[in-house]
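A quick write-up on the structure given underneath.
FYI, it's all coordinate maths here, none of it is from the lab. Just so it is clear, the structure is predicted and the values come from calculations on it, not from any experiment. Cβ coordinates were reconstructed from backbone atoms using ideal geometry, including for glycine residues, and neighbour counts include every protein chain displayed.
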Amino acid sequence: MPYARKRSHHGRRDIQRAMRTRARKLDADQISDNLRSSEKTAALLNPSNLDVDKPGLGLFYCIQCDRHFPTDKDRESHLASKQHKRSAKRAAEEAHTVAATGLSVGVGVDNTQRSAPSVKASVQTDQMAA
Ligand SMILES: [Zn+2]
């Protein structure tokens, strides 16, 4: 019997490490909030006080990816990377809302004006008269 290629565990050896609380990143809605608010964006890009726990004292930050970098050169090379472009595209998309999800499956308020029912009603009254 031939050897079947394993389809799980794609080189992810450090699952427990990735699940650590300190490895937790911002959620998509928090990132979009940071991007939409010009005050938050300015505060993140030009921090008023330096944080010694963060790489580069928290000076070089990517908002879309929620990552700090040790130097400006590292940040610049990250901004040109495929990983950053992918997350920037994801952050630029409109976030899903409960109302939009409900409308897509036919649940919710539909205020669209339609002329079709009145046409149908007139056809039915014509048939009733004939
Ligand atoms: Zn980035």
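Could you list, in their original order, any pairs among 54/89; 6/89; 6/85; 25/89; 25/82 whose Cα atoms are separated by more than 22 Å?
Numbers: 54/89 25 Å; 6/89 32 Å; 6/85 30 Å; 25/89 17 Å; 25/82 19 Å.
Violating the 22 Å limit, Cα to Cα: 54/89; 6/89; 6/85.
Assign one of three labels to segment 32-99, namely rounded, prolate or oblate, based on the Cα gyration tensor with a ≥ b ≥ c the square roots of its eigenvalues; rounded applies when a/c is under 1.5, prolate when it is not and a/b is larger than b/c, and oblate otherwise.
Note, shape of segment 32-99 comes out oblate.
Quick check: net charge around residue 60, other residues with Cβ under 15 Å of its Cβ, Lys/Arg +1 and Asp/Glu -1?
Residues near residue 60 contribute -2 overall.
Within a Cβ distance under 12 Å of residue 81, other residues only, what is the Lys/Arg minus Asp/Glu net charge?
Numbers: positive: 67, 75, 82, 85, 86; negative: 74, 76.
Spelling it out: positives minus negatives among the neighbours equals +3.
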